[in-house]
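The structure appears below as structure tokens.
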Amino acid sequence: MERFIGNILDYFDEESPEATEFRRLYSKLKNLYAGQNIKNLLITSSTIGEGKSTTAALLACTVARYRETKTILVDCDLRRPRVHQLFNLSKEDGVADVLLGNKRLDTCFKQSPLENLKILTSGGVVDNPTELFNSPKMKDLFSEIKFYFDAVIVDSPPINPVTDALILAPEMDGALMVIKAGQTPKEVVRRAVELMRNTGVNILGVIVNNMKEVLPYYYDYRYYGYDYYAKSIKAA
Ligand SMILES: Nc1ncnc2c1ncn2[C@@H]1O[C@H](COP(=O)(O)OP(=O)(O)OP(=O)(O)O)[C@@H](O)[C@H]1O
Ligand SMILES: [Mg+2]
């Protein structure tokens, strides 16, 4: 996996095509669900490496910038944590430590370069993420997060291999599913949608991450050809 040098925001200035795409995505979401107060979003996908963490980070930056609201990005992928790398932060003192009762939540919020965006990293390594998410402390964690913040964006592991995201979903207003265009087979996506529907997850839409044309330039976000869009899959 590629490592960031610096901070994801260094590659996401307000004039960039990526920032425009994310503003569009965010306003589509707001229009699609105009009547509902969607503030807490789970970002997931069917399988690994589809762009969940990148999407979660850029969406959180967009919400914090344009909604000017107190926003937090939470790394709930305790298996392949990545948010801390994107913001050049230490992984320690985060979700796992709070769930284990080793840290108080309000001591773990880390500042991003954006005034309105705080980060809760994954915390120390644990062997039993699913068990941790299944504990009653998880509900307390999210009630407390929602008390402090107006918008919550959660990065999570993929749906098909592990149940963590399905356990987290009820704490959120809905989930956005990232699909790596041209790569993830339909059946794999279908399986994830089925699992999410069976668990009653409110699937708000899909985000197609078009990575295939740009991989040779993966080292530099300025060359990224994002093709993100959200559409309701309820009608599909
Ligand atoms: N639009 C894009 N264009 C090019 N590269 C991308 C794009 N989106 C993500 N990437 C790169 O693809 C890799 C995987 O992205 P990311 O970590 O966001 O995926 P993920 O779904 O969170 O993965 P995991 O399942 O490991 O958590 C990273 O190296 C990231 O920089
Ligand atoms: Mg990830």
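Some values worked out for this structure:
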item: Residues within region 26-49 that are surrounded by 14 or more Cβ atoms within 10 Å (Cβ to Cβ), assigned to a loop (DSSP other than H, G, I, E, B) and away from ligand 2 (no atom under 16 Å from the Cβ), tallied; result: 3
item: Selection status of Tyr11, over 20 Å from Ile145 (Cβ atoms), in contact (Cβ under 8 Å) with a residue 24 or more places away in the chain and away from ligand 1 (no atom under 15 Å from the Cβ); result: no
item: Residue under evaluation Asn88, criteria (1) within 16 Å of ligand 1 (Cβ to nearest atom); (2) in contact with a Leu (Cβ under 8 Å, 6 or more places away or on another chain), criterion not met; result: (2)
item: Options Thr20, Thr62, Thr71; residue that is away from ligand 2 (no atom under 13 Å from the Cβ), under 22 Å from Gly205 (Cβ atoms) and open to solvent by 20 Å² or more (accessible area, probe 1.4 Å); result: Thr20
item: Residue that is open to solvent by less than 80 Å² (accessible area, probe 1.4 Å), among the polar types (S, T, N, Q), at pLDDT below 75 and more than 16 Å from ligand 2 (Cβ to nearest atom), where the choices are Ser232, Ser135; result: Ser232
item: Residue in region 212-219 that is at pLDDT below 95 and among the aliphatic types (A, V, I, L, M) present; result: yes
item: Residue match in region 86-96 (condition: open to solvent by 20 Å² or more (accessible area, probe 1.4 Å), of a type in the set (D, E, K, R), at pLDDT 95 or above and touching a strand residue (DSSP E or B) at 6+ places or on another chain (Cβ under 7 Å)); result: no
item: Of the criteria (1) at pLDDT 95 or above; (2) open to solvent by 50 Å² or more (accessible area, probe 1.4 Å); (3) acidic (Asp, Glu), which one Asp164 fails; result: (2)
item: Matching residues in region 55-85 - criterion: being hydroxyl-bearing (Ser, Thr, Tyr) and in a helix (DSSP H, G or I); result: Thr55, Thr62, Tyr66
item: Candidate set from region 102-129 (those that are open to solvent by less than 40 Å² (accessible area, probe 1.4 Å) and part of a helix (DSSP H, G or I)); member that is modelled with the highest pLDDT; result: Leu105
item: Any hit, region 129-142, residues being among the β-branched types (Val, Ile, Thr) and in contact with a strand residue (DSSP E or B) (Cβ under 6 Å, 6 or more places away or on another chain); result: no
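The values are calculated or read from the model by the stated rules, or taken from the named source; none is laboratory data. Not measured: the values here are computed from a predicted model. Every residue, glycine as well, gets a Cβ built from its backbone with ideal geometry; the counts of neighbours run over all protein chains shown. These area figures cover heavy atoms from the full protein model, side chains too; ligands, DNA and RNA do not enter into them. Shrake-Rupley method; radii C 1.70, N 1.55, O 1.52, S 1.80 Å.
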